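Structure first, then comments.
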Amino acid sequence: MPDQNKHRGIYLLPNLLTTAGLFSGFYAIVASMNGSFELAAIAIFVAMVFDGLDGRVARLTNTQSEFGAEYDSMADIVSFGIAPALVAYNWALYDVGKLGWLAAFIFVAGGALRLARFNTSTSTSDKKYFQGLAIPSAAAIVAGLVWVGAKYDFEPENVSFIVVFFTIACGLLMVSNFKYHSFKDVDWRGKVNFLAILLVVLIFVIVATEPALVLFLLFTAYAISGPVLTIKNVNKLKLEHILGDQKEEVDLSDSEKKSEEPKDASVDRKGKD
């Protein structure tokens, strides 16, 4: 009996970072309720930083755990699902009544479904691509829109339907089948050309000049890249490329070969997520 309890407990550092991200998301909700929408939006971006750190720290320190993975998902639905939806609702969606809270709910439900699908398909999915828009990216678009509106003193009632559109669109993109680059194939430890470092410095400078606008535009461009990448790489766009269950995933470059092969139930399931 003593041996069974010997290794119980949780790793402190990665879960501390996850808790910091959860706190940032909760703070965003409270700040929006108090009318501090710029602070609320910034808090969501701070949560993104902690969310990016906790997993990497866990891998670097060899402190991954099942508890940490589940805790991270719970924190994500608060920080990147509920928080941006409520921040957007308190800022502009409230002005359009039922449509506003339905748009917020679509975002939250899309985020929850996105996390559930990701957690159950990590062992089979293509590591180079995400299936659907990742929930932190969707949260960055909604929070970035609120940040831009609050910073430049837009009247919420004048842009409420634009916020409705972006909120619903992000919710649907999260549960779509569009392919998004995950950037997990980038070798962060490898050597790069000196010009690459200069480019990184330039990006930091551009973001620092107008962080609200630049971050919103960057994440919006990333959201658009999914449909563009998917449409570009398929010969004929089908419903299963956009929404729903994908019965089988054949390598996109082999799509012409597939049309020449006989239809058989035993088709090789290469590249299945």
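The values are calculated or read from the model by the stated rules, or taken from the named source; none is laboratory data. Please read these numbers as outputs of a predicted model, since none were measured by experiment. Methodologically, a virtual Cβ is constructed for each residue, glycine included, from the backbone with ideal geometry; neighbour enumeration extends over all protein chains shown.
Here is how the numbers come out for the structure above:
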item	result
Spans of helices (runs of 4 or more DSSP H) in segment 1-118 with at least 3 residues more than 24 Å from TYR152 (Cα to Cα), out of contact with any Pro (no Cβ under 7 Å at 6 or more places or on another chain) and polar (S, T, N, Q)	12-33
Number of the condition not met by LYS191 [criteria: (1) loosely packed, with under 10 Cβ neighbours inside 10 Å; (2) charged (D, E, K, R); (3) in contact (Cβ under 8 Å) with a residue 40 or more places away in the chain]	(3)
Residue count, segment 176-208 (criterion: in a loop (DSSP other than H, G, I, E, B), closer than 28 Å to ALA112 by Cβ and either at pLDDT below 85 or among the basic types (Lys, Arg) (or both))	4
For TYR152: the one exception among (1) within 15 Å of PHE216 (Cβ to Cβ); (2) in contact with a Phe, Trp or Tyr (Cβ under 9 Å, 6 or more places away or on another chain); (3) of a type in the set (Phe, Trp, Tyr)	(2)
The lone exception for LEU145 - which of (1) within 14 Å of ARG114 (Cα to Cα); (2) crowded, with 21+ Cβ neighbours inside 10 Å it fails	(1)
Residue in segment 252-266 that is exposed (fewer than 14 other Cβ atoms within 10 Å of the Cβ), at pLDDT below 75 and touching an Asp or Glu at 6+ places or on another chain (Cβ under 7 Å) present	no
